[in-house]
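Encoded as structure tokens, the structure appears first; notes follow it.
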Amino acid sequence: MPTFTYMARCDGCGECVDICPSDIMHIEPRYRRSYNVEPNFCWECYSCVKACPQHAIDVRGYADFAPLGHSVRVRREERKGVISWKIRYRDGRVKQFTFPIRTTPWGSIRPPSGYAAPPRDALQSQWLAHEPEALGVEGLPQLSSHTTRRA
Amino acid sequence: MGAWSSKQTRYIDSDILIVGGGFGGCGAAYESRYWGRDLKIVLVEKANIERSGAVAHGLSAINCYMGMRWGENQPADFVRYARSDLMGLVREDLIFDIARHVDSTVHKFEEWGLPIMKDPETGRYLREGRWQVMIHGESYKPIIAEAARKSATVFNRIMVTHLLTDGTRRNRVAGAVGFGVRDGRFYVFRAKAVIVCAGGASHLFRPRSIGEGVGRTWYAPWSSASAYGLVLQAGAKMIQMENRIVLARFKDGYGPVGAWSLLLKARTTNAAHGDYEAARREEIKALVGRYAESSPLPTCLRNHAMLQELKAGAGPIYMQTKEVLDTRQKEDIGWEDFLDMTVGQAVLWASQNIDPKERASELMTSEPYVMGSHATCSGAWASGPEDCAPADYQWGYNRMTTVEGLFGAGDTIGGSAHKFSSGSFTEGRIAGKSAVRYVLESGARTPRPDEAQVRRLKALVYQPLAHFAVGRNAIVAGSVAPGYISPLQGLQRLEKIMDEYAGGIGTFYVTSEPMLSRGLELLTLLKEDLERIGAEDLHQLQRAWELSHRVLTAEAVIRHTRYRQETRWPGYYYRADYPKLVDPHWHVFTCSQYDAQTSAWDIGKLPVHHLID
Ligand SMILES: Cc1cc2nc3c(=O)[nH]c(=O)nc-3n(C[C@H](O)[C@H](O)[C@H](O)COP(=O)(O)OP(=O)(O)OC[C@H]3O[C@@H](n4cnc5c(N)ncnc54)[C@H](O)[C@@H]3O)c2cc1C
Ligand code: SF4
Ligand code: SF4
């Protein structure tokens, strides 16, 4: 289901161009609005659809196997931490779903440099950052003699 | 060509350069910053790390989690599972290393804000299967990207085309080059250590979809084999490149089947509602012996059963979804599975009027993919953990390839299957810490790429734009020109060669020595034509270099497949001339090394050591 852009809704802001992992949302120079330049490299990942502030991008199922008349619309509310989907079948049935997307405020992750620096000799150990506390077990599992067979 | 060769060059120096900001790359960024407080850490990404790589959509499960704090699983159990799934051929040291650290990664993800589902009765993470936990993972990638951005200086929209080596020591990495997909500039990244995390490979083989739908592959269309293309060109040893993966997925939409089969317990049947897998157990045992006795049945053998069924005309194969969606909660789980990670499946159902509550959905085996993090483990040969790798698996720092200073994680590293998202991030952390050690311990000498190498690469990188500019003048209009082909035309040629000769869907995954040799001949011609690719703009220039990485990777796949004279993984591919699994000769890794200057390949075997009972 490659994407397409509704002429009347797009204001050419470029958010979709900025986010598309496939680099296929481009601004059309004459109309100054976005369009999908390479539908056959679209993964219908919805990254651009979710990012568009104008809800100007929609998806029409791939012509080679998806009959017309369906729609899958999304509204991702970052601040509220939820995403809602509305699925309209070709025969008119509708399904709606809402799921959480994040449990903490955006931007709240503590950077690794925000923790006390590890002692220098820990660099030679097998521990990774925040271990052992973050592991939830005391020791780091080792390949011991009863689990181990040397070739 | 003029305008492009005069493009400005920008030099960026760092201690550690991370190529690719997916799960491996974000893990590498976080951990290298934790240990290397004063180091300069740079991450370069061809897209935007907010939504890049295989997890751009999001995911609905974390597929690698031990649950050691609840005594659920131990790393040794995980090694046994991955080993039997891969028919015995894995790097047990690498897998053990990931398994013993992966829980701390997942706990950190939860602390950062990733919603992990809980089992209401036990309060523990809700298990999808023995190793998987369910998440509300639409924002999995943006959350992980936030942690990476706080750890490293990120350059988005730069396509890395080549690694640089030291001017005097060829087997020492010195950085990487690429071009800005937006600004067109030439970027030269000089670094003391490089961690390649550039992801696996889709679109090596002709996909099942056609026309507009060819982007609807299972692995992302932007998984362009750069991990392999980059490191093998630098001379790193590669292993198991023949171990491509075929996936049984919902037909056309490629919706994953894990939650449906493991958590919701939907049955997979043939058209007559029969449990064909059970019916074919004995037949499979006769084919591969004791490997068919492991439970669960290895992924390739499950494919094999399905393929036998399809060939017998007993298809379509169905997932009996309607038998299991008896509550709203289960319906939510089933739909979220796709809406979080493969929206296309939901679009397909809506368009074909398929309500999974009312009717079954078709499954199909995909075209093959090459990657290092799933139920498959192609990739670079890496030095193992200091405390548990056998001596011949250890020559330097953990996760360093055979090129000095060059590390990898995720799909890049071979031999350690079943990493998935959490394991790839964990391997990135392991490589990140290791690279810090390497930088701090290897002394002050900064490697220096020689200027002639940089100049040569700069001219090379922009050549496709020149080919187009010149060749386009010879014709009136259209896409047919005598002097160049477009990146898409080249990609289609590659896919056709791989499909027809190297075991794609066109031959039901069957190949043989004569087929592989003929395929290699045609691939060599394509490789020559790569020097005449025409790119219309910077976007097409990115496609041109993605194609170059894919073609080199495909060559490795063909050469490894030809070398292994057995059918190791029936269901992934078949050697018609060597239809049996032959443990006495082939319980080994195939290993290759490419010399970019002479285009010669050196190919041989490496031992598989079993460290766990
Ligand atoms: C449909 C689907 C479902 C999956 N389901 C699950 C699941 O349920 N649970 C789970 O745990 N895992 C799942 N996985 C697997 C998981 O996504 C991968 O194992 C993991 O992302 C691999 O990490 P990586 O870092 O190697 O690659 P990626 O995450 O793909 O990252 C590679 C990065 O490198 C960048 N890059 C590539 N080439 C270049 C270049 N030349 N220059 C610069 N940058 C470049 C890419 O843009 C990307 O950001 C799924 C994958 C897919 C596709
Ligand atoms: S994000 Fe929306 S409004 Fe902005 S350019 Fe894209 S389609 Fe237009
Ligand atoms: S759906 Fe994904 S791949 Fe397709 S245009 Fe949008 S962001 Fe790009």
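Values in this text are rule-based calculations from the coordinates and carry no lab data. Values in this document were obtained by computation on a predicted structure and should not be read as measured data. Ideal geometry is used to build each Cβ from the backbone, glycine not excepted, and the neighbour counts take in all protein chains shown.
Between B:Leu525 and A:His55, the FRET efficiency estimated from the beta carbon spacing at R0 = 41 angstrom works out to 0.30. The base-10 log of I(q)/I(0) for chain B, evaluated at q = 0.05, 0.07, 0.08, 0.11 Å⁻¹, reads -0.20, -0.40, -0.53, -1.04 [Debye formula, identical scatterers on Cα atoms, solvent excluded].
Neighbours of B:Thr567 by Cβ distance under 12 Å: Lys/Arg scored +1, Asp/Glu scored -1, total +1. Normalised by residue count, the protein assembly as shown yields a Cα convex hull volume of 154 Å³ per residue. From largest to smallest, the equivalent ellipsoid semi-axes obtained for the range B:252-365 from the alpha-carbon gyration tensor read 27, 15, 13 Å.
Each label point was placed 7 Å from the Cα along the Cα-to-Cβ direction; for B:Arg169 and A:Arg9 their separation is 5.7 nm. Within the range A:19-46, whose backbone N sits under 11 Å from a point 7 Å along Cα→Cβ of B:Glu536? Correct set: A:37-38. Please report the projected area of the range B:451-602's Cα convex hull averaged over all directions, in nm². Mean shadow area of the hull around the Cα atoms is 10.9 nm².
Taken along the Cα-to-beta-carbon direction at a fixed 7 Å, the label points for B:Arg37 and B:Ala477 span 6.5 nm. Applying Stokes-Einstein at 10 °C and 1.306 mPa s to the Kirkwood radius of the range B:1-83, computed over alpha-carbon pairs, gives a translational diffusion coefficient of 96 µm² s⁻¹. Give me Rg over Rh for the range B:29-158, both radii from the alpha carbons and Rh done the Kirkwood way, two decimal places. Taking Rg over the Kirkwood Rh, I get 1.00.
Taking the DSSP bridge list for the protein assembly as shown and keeping only pairs wholly inside it, about 70 percent are antiparallel.
Per-peptide packing, taken as the mean over residues of other Cβ atoms within 10 Å, places B:398-408, B:60-70, B:281-291 in the sequence B:398-408, B:60-70, B:281-291 from highest down. Here the sum of -39500 (n - 2.57) over DSSP H runs of 4 or more residues, divided by the residues of chain B, equals -11500 deg cm²/dmol at 222 nm, to the nearest 500. Label separation (A:Ser113 vs B:Asp13): 1.9 nm, computed from points 7 Å beyond Cα along the C-beta direction. Reducing the range B:269-342 and the range B:429-490 to their Cα centroids gives an inter-centroid distance of 43 Å.
What separates the Cα centres of the range A:27-45 and the range B:571-613 is a distance of 43 Å. Helix content alone sets the calculated 222 nm mean residue ellipticity of chain A: runs of n ≥ 4 DSSP H residues at -39500 (n - 2.57) each, divided across all residues, give -1500 deg cm²/dmol.
How many percent of all Cα-Cα pairs in the range B:62-119 sit more than 18 Å apart? In whole percent, the share of Cα-Cα pairs in the range B:62-119 beyond 18 Å is 37. Residue by residue along B:136-144, Cβ atoms of other protein chains within 10 Å of the local Cβ number 5 on average. Looking at the range B:93-199, the GluC sites (Glu not before Pro) that sit in a DSSP loop and have at most 13 other Cβ atoms within 10 Å of their own Cβ are B:Glu121.
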